[in-house]
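Colleague: Starting off with a structure, shown below.
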Amino acid sequence: MAKAILFDVTKCIGCKACEVACKDQNHLPENEDTKLTAVTWNIVQQHGERYVRRFCMHCQTPTCVSVCPVGAFTKRPDGAVVYDETKCIGCRYCMAACPFEVPKYEWASTMPRVQKCIMCASRLEQGQQPACTEICPTGAGLFGEREELLKEARVRIESNPGQYVDHVYGEKEVGGTSVLYLSSVPFGELGFDTNLTTDPLPSLTWYVLSKIPNLVSFGGVMLFGIWWIINRRITLERERVQRQRLENQERDGKSEQQLGTRAMTMAEEVD
C-alpha cells in the first residue's frame, strides 16, 4: 500500500527537530536555511504565528518522473519519489517541471546532482517510518497509508468545526500527492500554490504531445500551401518578365527594321 505523510499545521510548534533528523539521516551539512536547497531537504517555515514544514510532495503521478529523459527519477509503490544520481545527465528538466519547485541543484559542486527529500526510502524498506515523522514531539507529522490518513484528516475536520479549513491540501492537487496538509488558515497564507490543477500534470503534457502529429500535419499542409502560392507568384513574375523581354526585343527589332528601311530610302533619294 502507498504510504504518505499527513502534516497538521495546528500541531507544529516550530521546534525544527524534523530538520535535524533529516540532515542526520541523509548526512547533510548542519547549516540553517530558510528555504529548500540542495543541502536542506526539509524546512520549517514560520508564517505569522504558524509553522509549516515544507519538503518534497511525492506526487502520485510525478512530473519529474515523466520529464526525466534517462529515468533518474522513480515513483515507488510505497509512495516515495526517489532519485538515481548515476543516471542523471544534469538536464534539470525536473526542476523546471516540478509544480512545487522542490528539486534543487548542487550549483557549487564540481560533480553536481539534483537533491530533494526521498521520504527516507531506505527506512521504508526496513519497515520504519521517515526520520522526520518519527522524531516529531507533537505528532504534527503523521506517517501511514495514504487512504487511512485521508480518512483521519476528514475526521479531524468534521470533529473540530472552525478549527480547520475544509480542505486537505495534496488530496487532489496535480492528481494527488503523498504529502497531505491540514491547516486552520487558507493555504495561500502559508505560501502554498492554491491555483494548481487537479489533473496530473503528465497527463496534460501527454495531451499536448498527442496533438503534435496533427499540428505537424496541419502545419505541413499550411507550409505547402504557402510554398505553392509563393512559387506560383515567382513563376508568374518570371513569365511576365520573359514576355516583357520578348516584347521589347520585338519592338526593338521593328525599330531597327524601320530605321534600315528609312536609311535605304534616303540613300535612293540622294542617288
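Colleague: Check off (1) modelled with pLDDT of 95 or more; (2) buried (at least 17 other Cβ atoms within 10 Å of the Cβ) for Ser66 and give me the number that stays unchecked.
Modeller: So Ser66 meets the others, but not (1).
Colleague: Please go through the range 18-64 and pick out each residue that is of a type in the set (A, V, I, L, M, F, W, C) and closer than 25 Å to Val168 by Cα. If you could, list the steps in order and put the result at the bottom.
Modeller: Here is the first cut: in the range 18-64, the ones of a type in the set (A, V, I, L, M, F, W, C) are 18, 20-22, 28, 36, 38-39, 41, 43-44, 52, 55-57, 59, 64.
Listed by number, the residues that qualify are Cys18, Cys22, Leu36, Trp41, Ile43, Val44, Val52, Phe55, Cys56, Met57, Cys59, Cys64.
Colleague: Something else now. Kindly indicate the residue of the range 102-124 that is modelled with pLDDT of 95 or more and out of contact with any strand residue (DSSP E or B) (no Cβ under 9 Å at 6 or more places or on another chain) and also nearest to Cys22 (Cα to Cα) among those meeting that condition.
Modeller: Cys120
Conditions (1) farther than 24 Å from Phe187 by Cβ; (2) free of Cβ contacts under 8 Å to residues at least 12 places away in the same chain; (3) outside the structural domain of Gln25 (by TED's automatic domain parsing); (4) crowded, with 19+ Cβ neighbours inside 10 Å, marked per residue:
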residue	(1), (2), (3), (4)
Met95	no, no, no, no
Phe143	no, no, no, yes
Glu147	no, no, no, no
Glu158	no, yes, no, no
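Colleague: Is there a residue in the range 35-42 that is hydroxyl-bearing (Ser, Thr, Tyr), in contact with a Pro (Cβ under 6 Å, 6 or more places away or on another chain) and crowded, with 16+ Cβ neighbours inside 10 Å?
Modeller: Pass one, the range 35-42, residues hydroxyl-bearing (Ser, Thr, Tyr): 37, 40.
Within this subset, residues satisfying the condition of being in contact with a Pro (Cβ under 6 Å, 6 or more places away or on another chain) are none.
The answer is no, given that none of the residues of the range 35-42 is hydroxyl-bearing (Ser, Thr, Tyr), in contact with a Pro (Cβ under 6 Å, 6 or more places away or on another chain) and crowded, with 16+ Cβ neighbours inside 10 Å.
Colleague: Say we look at the range 45-61 and pick out the residues that are surrounded by fewer than 20 Cβ atoms within 10 Å (Cβ to Cβ) and outside any loop (DSSP other than H, G, I, E, B); which of these is farthest from the chain's Cα centre (by Cα)?
Modeller: So the residue we want is Arg50.
The values are calculated or read from the model by the stated rules, or taken from the named source; none is laboratory data. Bear in mind that the values here come from a model prediction, so they are computed numbers and not experimental data. When we count neighbours, we look across all protein chains shown, and the Cβ atoms used for this are built from the backbone with ideal geometry, even at glycine.
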